[in-house]
Ligand code: SF4
């Protein structure tokens, strides 16, 4: 399996918790799209005949682009790449960018999955996070996406927002479960260096939630979604009717992916490469035919660690036979030795030849990973 990720580096507002690469100045959208199309063409020539499974437009906020921008990008993608039958084409959207005609058009031009950034249905959360929409817009956007024909809709939620009560979190989940969605990504808020939230935390203006509160909210989430028929298939992701994110599964399974746009990361199975995190330098680099990316070849140890970090976040876990073949007996032997004690205490289990962390223990994934890593 393989896929394409495209990073659209524009947002209407800067959310206070976000450390992704984006610009709130939308004036360069036309020029960016022209350069992006150029990058797609250049890399397409290097990868002839590749048949892809997924396309994912993320960011930033892809929905700040116009339909003609998107058509231009998709035309280039279709010209230089081929896809399997019925590939998964996802676009991330913010609620305030969606109206019925826009969503209908997104369907017509080829997207079959929308990932809508809602984060919370509490106005006070949206305000403190500085989201660009309100709760009613969030709900309406999902409903009109379904009315326009999207049957594969995902929404993002955030928990662990300072001062969000357990009752408010439960209300968020209840409101979520009334929506026509098949997928939920629920992430715990993190205080990333350089963000406004992190600055506020350091100055005592915001207090992170306690570990006990985090665990409680995670358990509430998991219980409610499992009862509603969702499968908890990855630490932060839940799907109904088997509608897992195929694109994200590429990342979690160690499959290759190509990426375009500033700050976008590609992986070819052994080598990671990433475009420069500057819109200006990216556009100049593409226009001048200069290098605008860096890369590193992963050592076997790094490949082993990456494989564990990604695969053990999912309910399918990792494959020791694959590890022996791919990384050698030293690594698979170390894994077997260290995993044994976690299997004995029930934090990990074996199933169908694979070894996974029990979802009830996913909150200690980092702790388990540290033991499984090779020094
Ligand atoms: S809209 Fe998304 S990418 Fe943009 S600032 Fe907010 S969280 Fe970050």
Two-site label geometry, residue 165 and residue 78: point separation in nm, points 7 Å out along Cα→Cβ: 5.2
The range 1-143: proportion of alpha-carbon pairs further apart than 24 angstrom, %: 34
Estimated FRET transfer efficiency (residue 200, residue 20; beta-carbon r; R0 22 Å; 0.05): 0.75
Rough spin-label spacing in nm, given labels placed 7 Å along Cα→Cβ, for residue 41 and residue 1: 3.2
The range 193-333: translational diffusion in µm²/s, Stokes-Einstein, Kirkwood Rh over Cα pairs, 4 °C, 1.567 mPa s: 70
Potential extension, residue 105-residue 296 segment - 0.36 nm per residue separation minus Cα distance: 64.8 nm
The range 3-251 - share of DSSP beta bridges that are antiparallel (%, nearest 5): 20
Residues in the range 1-39 reached by a label modelled at residue 187 [backbone nitrogen below 11 Å; 7 Å Cα→Cβ]: 17-21
Selected from 28, 282, 233 as most flexible by GNM, with the chain as the system and alpha-carbon contacts under 10 Å: 28
The chain: calculated mean residue ellipticity at 222 nm from DSSP helix runs of at least 4, using -39500 (n - 2.57): -13000 deg cm²/dmol
Full-stretch length increase - residue 374, residue 51 - with 0.36 nm per residue and alpha-carbon distance subtracted: 112.8 nm
Where labels lie 7 Å past Cα in the beta-carbon direction, separation of residue 360 and residue 28 in nm: 5.1
Likely footprinting exposure, 267, 327, fewest C-beta neighbours within 10 Å first: 327, 267
Tail beyond 13 Å, pair distance distribution of the range 32-88 (Cα, percent): 63
Cα-derived Rg over Rh, computed across the chain with Rh taken as Kirkwood radius: 0.96
Choice from 56, 100, 257 with maximal GNM fluctuation in the chain (Cα, 10 Å cutoff): 100
For q = 0.16, 0.28, 0.29 Å⁻¹, Debye-computed log10 I/I(0) when each Cα of the range 177-247 counts as one equal scatterer: -0.69, -1.20, -1.26
Kirkwood Rh (inverse of mean 1/r, distinct Cα pairs), the range 299-375, angstrom: 12.1
Label zone at residue 350 (point 7 Å along Cα-to-Cβ), backbone N below 20 Å, the range 292-314: 308, 311-314
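Just so you know, all these numbers are worked out from the coordinates, no wet-lab data involved. Worth saying up front: this structure is predicted, and the values here are computed from it rather than measured. Neighbour counts are summed over all protein chains in view; Cβ atoms, including those assigned to glycine, are modelled from backbone coordinates with ideal geometry.
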